[in-house]
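To start, the structure itself, in structure tokens.
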Amino acid sequence: MAKFSPPPGTADIFPEEMPLWHRLEDTARRIFPLYGYGELRTPIFEFTDVFKRGIGDETEVVQKEMYTFEDRGGRSLTLRPEGTAGVMRALLNTDIMNGNEKRVFYIGPMFRGERPAAGRRRQFHQIGVENAGRVAPELDAENMAMMMQYLDELKISGAKLLINTRGVQADRKPAEESLNSYFQQHVGDMCDDCKTRVSRNVWRILDCKQERCREIVKNAPDYVSCYTAESRAYFDRVCELLTSFKVDFEIDKQLVRGLDYYAHTVFEVVHPGIGAQSAIAGGGRYELYLPENKKPIVGVGFAAGLERLLMVQETLNVAPPVSGKGPVFLVSMGTQARAFNMKLAQDLRSESVPVVVEVEDKSMKAQMRAANRANAAFAVICGDDELASGKLVCKDMQEGSQEEISQTELKSFLLKTYKGV
RNA sequence: GUGGAUGUAGCUCAGUUGGUUAGAGCGCCUGGUUGUGGCCCAGGAGGCCGUCGGUUCAAAUCCGAUCUUCCACCCCA
């Protein structure tokens, strides 16, 4: 039991739940190409510097959540805690830095050494999208529209899109100063965490959950007014476009995201009812520096947490995908019949008909029970009589009716019902 | 990393103020006359009561430690 449980924060995903996962993945593979995106697979671990530089040395993720280890050559490697940095590392091998746009998406596990809780795992799974190489409000808006279409296809209703702007690097200094001087005045009334945030990272104070801090945040200065007119126009354009796409959104000035590389638009999709971790997808525009890269890579993208999407689908009672027709269950009475059935099974499988055979010498009753449990569509019975007459008994498990049928007739019947041939 | 709950058969859970061979439902297995499932009936298998240590004549039940799971915080998807 406990002895055989997987490491904390990880989980085995069994065949029974796989259809739900495949729906998330298949939908991504169907929707994202409509916008010109292709799937990219990058390694699950990278050189540690890719994340240190890419995500930001100061971030919580990098400081205390990474699974870092040395390989035999003494290189420092890290299990990827997010997708963007690795994707950009891969795209650097293309001509992305010359203003060429790249559109890719990825699906896979991420690793963060946090304490597990509702919607938070140490190995979790994300589907993410990156549009790299160009800067344009059109791309930001399109990215969010695509994300919302994806969620819509997954029947995720009641999700709220929150957006905000972080401006560009030059905007942040004046904005930070204005926030700083305000919070300095209220330091005494803030929670312990926020007291240190005043000097370390004022932005974090904006999304503190403590009641007393929220009161203070309410009257915080409008830092966006410190941005340049250009940055504000960029954001306004993004909002206009979203409106014209009929994508509902809400501007949330308290939305700040934890990774250093964000610039301009940031956004998050939240859904109530899955616990404290209500963000099911999030992203934004970024300027990302990789080791030995003087110029940042620009792009816009988002990632959705698959476990959280599944949680939402569960609370919304989204119907599970309809499963296909159950298999053909071959019932054998006697060893000769079983040998016959084993061969027949191979023959049918080579024609893509799903077949299950009982290999132990069990009673007919037991085999029929097994057929029922396997959700078989048909049970085909073979015993001494059938071997002698050359006619098998085929029972429709749904109808309960059965008939004698020759092997060749059976085969063409099954091909027709399973493949429509 | 901090805090709060939790841990008994494959699953969901009972187990009274510590007292003999630890229970139920579901699931599983075998039967209910010769080779027919789902319903019903009967029987059966399956637990060192998370682990280690302590208190006691006696511990699933009390105490401690540890681990797991769950939830919250920090942070994020």
(message) I need a count of the residues in the range A:181-214 that are more than 15 Å from RNA strand B (Cβ to nearest atom) and either surrounded by fewer than 16 Cβ atoms within 10 Å (Cβ to Cβ) or under 26 Å from A:GLU240 (Cβ atoms) (or both).
(response) 6
(request) Output yes when any residue across the range A:293-313 is near RNA strand B (Cβ under 8 Å from one of its atoms) and of a type in the set (Lys, Arg), and no when none is. (result) yes
(request) Would you mind finding the one in A:ILE31, A:ILE44 that is in contact with an Asp or Glu (Cβ under 9 Å, 6 or more places away or on another chain), at pLDDT 90 or above and not basic (Lys, Arg)? (result) A:ILE31
(request) Confirm whether A:MET368 is away from RNA strand B (no atom under 13 Å from the Cβ) and either more than 34 Å from the chain's Cα centre (by Cα) or closer than 30 Å to A:LEU162 by Cβ (or both). (result) no
(request) For the range A:262-292, name all the residues that are more than 10 Å from RNA strand B (Cβ to nearest atom) and assigned to a strand (DSSP E or B). (result) A:ALA263, A:HIS264, A:THR265, A:ARG285, A:TYR286, A:GLU287, A:LEU288
(request) Please specify each residue of the range A:371-397 satisfying the condition of being near RNA strand B (Cβ under 6 Å from one of its atoms) and out of contact with any Gly (no Cβ under 8 Å at 6 or more places or on another chain). (result) A:ASN372, A:ARG373, A:ILE381, A:ASP385, A:GLU386, A:VAL393, A:LYS395
(request) Can you give me the number of residues within the range A:62-95 that are over 20 Å from A:ILE107 (Cβ atoms), touching a residue at least 40 places away in the same chain (Cβ under 8 Å) and part of a loop (DSSP other than H, G, I, E, B)? (result) 3
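Conditions (1) within 11 Å of RNA strand B (Cβ to nearest atom); (2) among the small types (Gly, Ala, Ser); (3) surrounded by fewer than 13 Cβ atoms within 10 Å (Cβ to Cβ), marked per residue:
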site	(1), (2), (3)
A:HIS22	no, no, yes
A:TYR35	no, no, no
A:THR42	no, no, no
A:GLU60	yes, no, no
A:GLU70	no, no, yes
A:LEU77	no, no, no
A:THR84	yes, no, no
(message) Among the residues in the range A:222-244, are any outside any helix (DSSP H, G or I), modelled with pLDDT of 85 or more and either closer than 30 Å to A:PHE124 by Cβ or within 16 Å of RNA strand B (Cβ to nearest atom) (or both)?
(response) no
(request) Using the structure shown, decide if A:GLU403 is within 16 Å of RNA strand B (Cβ to nearest atom) and either out of contact with any Asp or Glu (no Cβ under 7 Å at 6 or more places or on another chain) or in a strand (DSSP E or B) (or both). (result) yes
(message) Quick check on A:THR27: is it surrounded by 11 or more Cβ atoms within 10 Å (Cβ to Cβ), closer than 16 Å to A:GLN126 by Cα and of a type in the set (S, T, N, Q)?
(response) yes
(request) For the range A:322-350, enumerate the residues that are surrounded by fewer than 14 Cβ atoms within 10 Å (Cβ to Cβ), part of a loop (DSSP other than H, G, I, E, B) and modelled with pLDDT of 95 or more. (result) A:SER350
(message) Can you pull out every residue in the range A:21-68 that is over 12 Å from A:ARG89 (Cβ atoms), among the aromatic types (Phe, Trp, Tyr) and out of contact with any Leu (no Cβ under 6 Å at 6 or more places or on another chain)?
(response) A:TRP21, A:PHE32, A:TYR35, A:TYR37
(request) Within the range A:348-365, work out how many residues are of a type in the set (S, T, N, Q), more than 8 Å from RNA strand B (Cβ to nearest atom) and more than 25 Å from A:VAL322 (Cβ to Cβ). (result) 1
(request) Taking only the range A:116-141 into account, find how many residues are crowded, with 20+ Cβ neighbours inside 10 Å and away from RNA strand B (no atom under 14 Å from the Cβ). (result) 7
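The values are calculated or read from the model by the stated rules, or taken from the named source; none is laboratory data. Bear in mind that the values here come from a model prediction, so they are computed numbers and not experimental data. So basically every Cβ, Gly included, is an ideal-geometry build from the backbone, and we count neighbours across all protein chains shown.
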